[in-house]
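Take a look at the following structure, please.
The values are calculated or read from the model by the stated rules, or taken from the named source; none is laboratory data. Bear in mind that the values here come from a model prediction, so they are computed numbers and not experimental data. Here the Cβ positions follow ideal geometry from the backbone for every residue, glycine too, while neighbour counts run over all protein chains shown.
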Ligand code: SF4
Ligand code: SF4
């Protein structure tokens, strides 16, 4: 099992997650920030978001290989 992080539309674009991401894979896209390729699943963005806009999802092995 692995974890996948996603940013919801409730993001207020404060930029905290992007500034904190150790691999710099979060960028602004229109009215919200999005997580791009390269995420290592550290969870920093999830912890730091002041409005709880980062969602964590557990990904099954099969899904992970798609
Ligand atoms: S989980 Fe870690 S590596 Fe992935 S987007 Fe969030 S801060 Fe970046
Ligand atoms: S920390 Fe939360 S509100 Fe701020 S840019 Fe990231 S997802 Fe959006």
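So if I check each of 51, 58, which one is within 11 Å of residue 4 (Cβ to Cβ) and either out of contact with any helix residue (DSSP H, G or I) (no Cβ under 7 Å at 6 or more places or on another chain) or more than 8 Å from ligand 1 (Cβ to nearest atom) (or both)? Let's see the steps before the verdict.
Working: 51 fails: within 11 Å of residue 4 (Cβ to Cβ).
None of the others qualify; the one that does is 58.
Taking only region 30-45 into account, find how many residues are within 8 Å of ligand 1 (Cβ to nearest atom), within 13 Å of residue 19 (Cα to Cα) and touching a strand residue (DSSP E or B) at 6+ places or on another chain (Cβ under 9 Å).
Number of matching residues: 2.
Quick one: in region 34-48, of everything that is under 15 Å from residue 11 (Cα atoms) and out of contact with any helix residue (DSSP H, G or I) (no Cβ under 6 Å at 6 or more places or on another chain), which residue is surrounded by the fewest Cβ atoms within 10 Å (Cβ to Cβ)?
47
So which residues in region 1-38 are in a strand (DSSP E or B) and modelled with pLDDT under 95, if there are any at all?
The answer is 2, 3, 4.
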